[in-house]
Amino acid sequence: MLRATDIRVRIGGKPILQGVDFRAESGQVTAIVGPNGSGKSTLLKAITGEVDSTGGLEINGADIRRRKPWELAAIRGVLPQAAVLSFPFQVGEVVRMGLRAGISASRSRLPEMALAAVGLEGYAGRLYQELSGGEQQRAQLARVLCQVWEPLVDGQPRWLLLDEPVASLDIGHQLVVMQLLRRYAEGGGGVVAVMHDLNLSAMFADRMTVMARGRVTASGAPGEVMTDAVLSATYGCELRVNAAPAGQSFLLPHMAVAP
Amino acid sequence: MAATEQIALALPDRRSRARRAHLVLGGGLALACLLSLAVGASGTSLWGALEKLATGVPLTAAEQTVLWTIRMPRMLLAICVGAGLAVSGAVLQGLFRNPLADPGIVGVSAGAGLGAISAIVLGAALPAVLSGPWLLPLAAFLGAWGATGLLYAVATRRGRTSVATMLLAGIALTAMAGAMSGGLIYMADDAQLRDVTFWQLGSLAGATWAKLAVAAPVTLAALLLAVTLGRGLNGLALGEAAAGHMGLPVQRIKALAILAAAAATGAAVAVSGGIAFVGIVVPHLLRLATGPDHEPLLPNAALLGASLLLVADVISRVIVAPAELPIGIVTAILGAPVFLWILLRRRGLVDL
């Protein structure tokens, strides 16, 4: 289990997170959603230790702040929102960096498998900087996958912590990646993803945490969270949730019709 | 199937090429060493001396002096300086995530320059006990370290060093050290001005075993430290946050990188003055040939930097023989066009 209790973050004197409680179970995909500036990326960064925070942070029952970087690297991989890379590395070289960070370093075929998993077969020899934005994002995901390839090791779940993993992907690759995350969770691992797309979140997540103005406003199964009242209050505009015949909640953007 | 084969072929390609480069560059360095021992103003023949050694004929005093007390320490010093500058360049480019970074960027060169000029101009006023041939290199080395230490302190807050702050503070510090050096130059007399100018141009002419004994251990320690940083610098290419998420001790890597670069550059500048472009051109050429992976890049930079400086030193000795051209002129004349050529050829890739 991954648990954050009463997380507070101030950046430049401004409170960004004001006492956030968050939990994610292994074996599940947990989506963090909310409007721009609601603090969802900051919550993920607090969990990964990238920003300083106060409050409790636990992963698999251990205090995250007391773990060494390399201990954390063995149990969780992190996909940052902005994928930067200096120097003309090849895609295969980037993915191999993840391999060496994890504990599966002996598995030399893993980079190929990870690239195939994100739909980048045959890209290993390409220059990373010459890929499109969406391809770069998938290459970074392959790197992170390499780091924590097996979702369960010795009965201990491993975690994928992802900031907008599908934000710049086309719809086909969005589905490829979301299905990949589902399989990871079904294999016993934990997935926490900051998401922009409410419909994709509702379709693939087991739980959704909704944030607004540095606080959690709702949390639960997609059906409980995707309601007119919660979303309208969170996003500050009138939103209407529909249900697909299979019972899935979805949202279509619409404009208020002028009287 | 085709895709899998392509992966299998593409993955080991640059790595094995980089490893083959160790051998090629090692051979190149051996040749450059021979060249450095064989060529010189006095006309003493290395081959003649080797033949005598092989046949048991004793060497003449002149041969011993030229080969053993002039050319040999000079060769070893060129290796130290060239390897040190090239590896510092590679380390700093990795740290600053910028292929145009060079040892000058962390204030090392400016600090060393200020130290050296202080020694030249103010050294005359010191009592004789305190001034000796070691005063200038010592002052340059202390200046290099003082500048880097100051920058590191300025850029570090709560245990985290901001690389961007360090870069910008380096520009300010370089300007300040330049102004102070300017003040000293203004005070200097004609003989001192000449010394300052020649120091700034760089030279290996004063190489002695004593200088080598000071520079070699510092350089060697810095090089050994630097080659352990390959994996960490690769990780930093993904950004500090991603490097940390991959389990790399980011702050330690940054501190060690700065330490290694300051030590190697400080030692090089202290014994040879200002030698430009080795730190930029060598890592750049290697990246073009074998890719940016720092693990093979750092040892390769040491080998190629040493070879290039040996060749530049030979050129500086023969081009205006029996006089000597300062080696900094040679490296700049050779290095600047190469640098421009790299920029123009790969304009897209150095887009900052």
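The values are calculated or read from the model by the stated rules, or taken from the named source; none is laboratory data. No experiment lies behind these values; they were computed from the predicted model shown. Positions of Cβ are generated from backbone atoms using ideal geometry, with glycine treated the same way; all protein chains shown enter the neighbour counts.
Looking at (1) of a type outside the set (Val, Ile, Thr); (2) in a helix (DSSP H, G or I); (3) more than 20 Å from B:ILE117 (Cβ to Cβ); (4) free of Cβ contacts under 8 Å to residues at least 24 places away in the same chain, which is the only condition B:LEU212 fails?
Every condition holds for B:LEU212 apart from (4).
Residues that are in contact (Cβ under 8 Å) with a residue 60 or more places away in the chain, within 19 Å of A:ALA185 (Cα to Cα) and not β-branched (Val, Ile, Thr): which strands (runs of 3 or more DSSP E) entirely in the range A:1-60 hold 2 or more of them?
A:14-24
With the condition kept exactly as written, say whether any residue in the range B:83-102 is modelled with pLDDT under 85, aliphatic (A, V, I, L, M) and touching a helix residue (DSSP H, G or I) at 6+ places or on another chain (Cβ under 9 Å).
Within the range B:83-102, one or more residues are modelled with pLDDT under 85, aliphatic (A, V, I, L, M) and touching a helix residue (DSSP H, G or I) at 6+ places or on another chain (Cβ under 9 Å).
From the residues in the range B:23-59 that are of a type in the set (Val, Ile, Thr) and under 25 Å from B:ALA323 (Cβ atoms), which one is farthest from the chain's Cα centre (by Cα)?
Going through the qualifying residues, I end up with B:THR44.
Can you give me the number of residues within the range B:228-239 that are assigned to a helix (DSSP H, G or I) and surrounded by 20 or more Cβ atoms within 10 Å (Cβ to Cβ)?
5
Yes or no, residue by residue, for (1) without any contact (Cβ under 8 Å) to a residue 60 or more places away in the chain; (2) more than 14 Å from chain A (Cβ to nearest Cβ); (3) part of a loop (DSSP other than H, G, I, E, B):
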position: B:ALA241; (1), (2), (3): yes, no, no
position: B:GLN251; (1), (2), (3): no, no, no
position: B:ALA261; (1), (2), (3): no, yes, no
position: B:ALA267; (1), (2), (3): no, yes, no
position: B:VAL271; (1), (2), (3): no, yes, no
position: B:ILE275; (1), (2), (3): no, yes, yes
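Filter the range A:115-144 for residues that are in contact with a strand residue (DSSP E or B) (Cβ under 7 Å, 6 or more places away or on another chain) and in contact (Cβ under 8 Å) with a residue 40 or more places away in the chain and give the result.
Across the range A:115-144, the qualifying residues are A:TYR128, A:GLN140, A:LEU141, A:VAL144.
Can you pull out the residues in the range A:201-211 that are surrounded by 20 or more Cβ atoms within 10 Å (Cβ to Cβ) and not aromatic (Phe, Trp, Tyr)?
Listed by number, the residues that qualify are A:SER201, A:ALA202, A:ALA205, A:ARG207, A:MET208, A:THR209, A:VAL210, A:MET211.
What about A:VAL78, is it closer than 19 Å to A:GLY220 by Cβ and in contact with a helix residue (DSSP H, G or I) (Cβ under 8 Å, 6 or more places away or on another chain)?
No.
Taking the range A:95-115 as the search range and keeping residues that are over 18 Å from A:ALA83 (Cβ atoms), at pLDDT 80 or above and not in a loop (DSSP other than H, G, I, E, B), which one is nearest to the other protein chains (Cβ to nearest Cβ)?
Filtering the range A:95-115 for residues that are over 18 Å from A:ALA83 (Cβ atoms), at pLDDT 80 or above and not in a loop (DSSP other than H, G, I, E, B), the one nearest to the other protein chains (Cβ to nearest Cβ) comes out as A:GLU112.
Could you tell me which numbered condition A:ALA82 fails, if it satisfies all but one of (1) within 24 Å of A:ALA185 (Cβ to Cβ); (2) within 14 Å of chain B (Cβ to nearest Cβ)?
(1)
Rundown of residues vs (1) at pLDDT below 90; (2) at the interface with another protein chain (Cβ under 9 Å from one of its Cβ atoms); (3) more than 19 Å from B:ARG231 (Cβ to Cβ), yes/no style:
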site: A:GLY119; (1), (2), (3): no, no, yes
site: A:GLY122; (1), (2), (3): no, yes, yes
site: A:SER132; (1), (2), (3): no, no, yes
site: A:GLN136; (1), (2), (3): no, no, yes
site: A:GLN140; (1), (2), (3): no, yes, no
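In the range B:272-291, what count of residues is obtained for those that are among the polar types (S, T, N, Q) and under 17 Å from B:GLY84 (Cβ atoms)?
Count: 1.
Looking at the range B:315-352, which of its residues are more than 23 Å from B:GLY274 (Cβ to Cβ), among the basic types (Lys, Arg) and modelled with pLDDT of 75 or more?
Selection gives nothing.
Restricting attention to the range A:42-64, does a residue exist that is more than 10 Å from chain B (Cβ to nearest Cβ), surrounded by fewer than 24 Cβ atoms within 10 Å (Cβ to Cβ) and under 27 Å from A:SER168 (Cβ atoms)?
yes
Which residue is modelled with the lowest pLDDT, if the candidates are limited to the range B:271-281 and must be farther than 11 Å from B:CYS80 by Cβ and hydrophobic (A, V, I, L, M, F, W, C)?
B:ALA276
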